[in-house]
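Let me begin by presenting the structure, written as structure tokens, before commenting on it.
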Amino acid sequence: MPIIQNKAYFEVKIQANGLWGIGLATRKIDLNKIPLGNDSEAWILRNDSAIYHNNSLKLKTSNT
């Protein structure tokens, strides 16, 4: 669902492989393509504690 007038859509998918990502994306992104953050349509914090956008590591956060 598109974001319209202060409304948003949030989705969580649980998978058994232990990889996860959380972030912001446009509706053009393919949510079935893992890992997320490999295109210009999303900013994703992944399970390796780093933020990715456009297939590039943008920021490495602390694990502690």
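Estimated at the nearest 10 Å², the accessible area of Ser49 is 20 Å² with a 1.4 Å probe. Summing +1 for each Lys or Arg and -1 for each Asp or Glu among the other residues whose beta-carbon sits under 14 angstrom from that of Glu41 gives +1.
The values are calculated or read from the model by the stated rules, or taken from the named source; none is laboratory data. Here the structure is a predicted model, which means the values were calculated and not measured. Here Cβ is always computed from backbone atoms with ideal geometry, including for glycine, and neighbour counts include all displayed protein chains. For the accessible areas, the whole protein counts, side chains as well, though only heavy atoms, and no ligand, DNA or RNA atoms are used. Shrake-Rupley method; radii C 1.70, N 1.55, O 1.52, S 1.80 Å.
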